[in-house]
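The values are calculated or read from the model by the stated rules, or taken from the named source; none is laboratory data. Everything quoted here is computed from the prediction, not taken from an experiment. Counting neighbours? That spans all protein chains shown, and the Cβs are built from the backbone with ideal geometry, glycine included. Accessible surface areas use protein heavy atoms only, side chains included; no ligands, DNA or RNA. Shrake-Rupley method; radii C 1.70, N 1.55, O 1.52, S 1.80 Å.
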Amino acid sequence: LGSYFGFRAEKIEVPTKTNQISRIIPEQPFYAKFPISMFLAGLLPFGSVCIELFFIMSALWLHQLYYIMGFLMAVLLILVATCTEVAMVMCYLQLCVEDHRWWWKSFLNCASAGVYLFMYSLWFLASKLDLVGVLPVVVYLTYMSMISMAFGLMCGTVGYLSCFWFTKTIYAAVKVD
């Protein structure tokens, strides 16, 4: 089904011509280097949902009732807006220092929020849960790793798509003679 729509979709048009030979990227400042930018950028999307995660994880693992679904939708919209803004700012900073390799960095900058979610789940395991035995801990870590990966994929996809729209928009405004 996806290939059916994919082959029939129109091709993505880039607004400028690109050179076949890539440019040499100058030395980057510390905040633009890959691992540092990834962990700095992932902190804000995770921070925007951190308080709500406590209530969701309490409902999942401590058998408490979760009843604030409308607020959850507002938090999801805040998360999407935060991922979009962080991805665009990090992409802009990267393009300002003449680093043209924004594709994977835009995904991984926001997807690193999944790493923070997994670290939060380790803290939740150590401080809030009283699991007895190895099997419940393995089940908990398995489920939370899958949830963390899904969260990271969602945040990374939002970051990539917003950066793609951002670069397409700013380069469409550039007049090249």
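Quick one: grab the alpha carbon gyration tensor of the chain, order the square roots of its eigenvalues as a ≥ b ≥ c, and give me rounded if a/c is under 1.5, else prolate or oblate depending on whether a/b is larger than b/c. Taking the square roots of the gyration eigenvalues as a ≥ b ≥ c, the chain is prolate.
Once every DSSP H run of n ≥ 4 in the chain is given -39500 (n - 2.57) and the sum is divided by its residues, what mean residue ellipticity at 222 nm do you get, rounded to the nearest 500 deg cm²/dmol?
Theoretical 222 nm ellipticity from helices: -24500 deg cm²/dmol.
Among the protein heavy atoms of the range 1-82, carbon and sulfur supply 70% of the accessible surface, probe 1.4 Å, non-protein parts ignored. Membrane-span-like helices in the chain, defined here as complete DSSP H runs extending at least 15 Å along the helix axis by their C-alpha atoms with mean Kyte-Doolittle hydropathy no lower than 0.0, are 34-61, 69-96, 113-127, 134-172; this is a sequence and geometry rule, not a statement about a membrane. For the peptides 74-84, 135-145, 35-45, residues were scored by their other Cβ atoms within 10 Å and the scores averaged per peptide; the highest-first order is 35-45, 74-84, 135-145.
Of the GluC sites (Glu not before Pro) in the range 38-134, the ones in a loop by DSSP (not H, G, I, E or B) with at most 12 other beta carbons within 10 Å are GLU98. Here the relative contact order of the range 1-101, from alpha carbon pairs under 8 Å that lie six or more residues apart, stands at 38 percent. The label point for ILE170 and the one for LEU77, both projected 7 Å from the Cα toward the Cβ, are 2.7 nm apart.
Looking at the range 42-177, the accessible area is 59 square angstrom per residue; that uses a 1.4 Å probe and ignores ligands, DNA and RNA.
Report the longest stretch of the chain that contains none of the trypsin sites (Lys or Arg not before Pro) sitting in a DSSP loop with at most 13 other Cβ atoms within 10 Å.
The answer is 34-100.
The gain in end-to-end length when the LEU129 to TRP103 segment is fully stretched comes to 5.5 nm, 0.36 nm per residue minus the alpha carbon separation. Give me the distance between the Cα centres of the range 80-105 and the range 1-64, rounded to whole Å. If you average the Cα positions of each part, the centres end up 9 Å apart.
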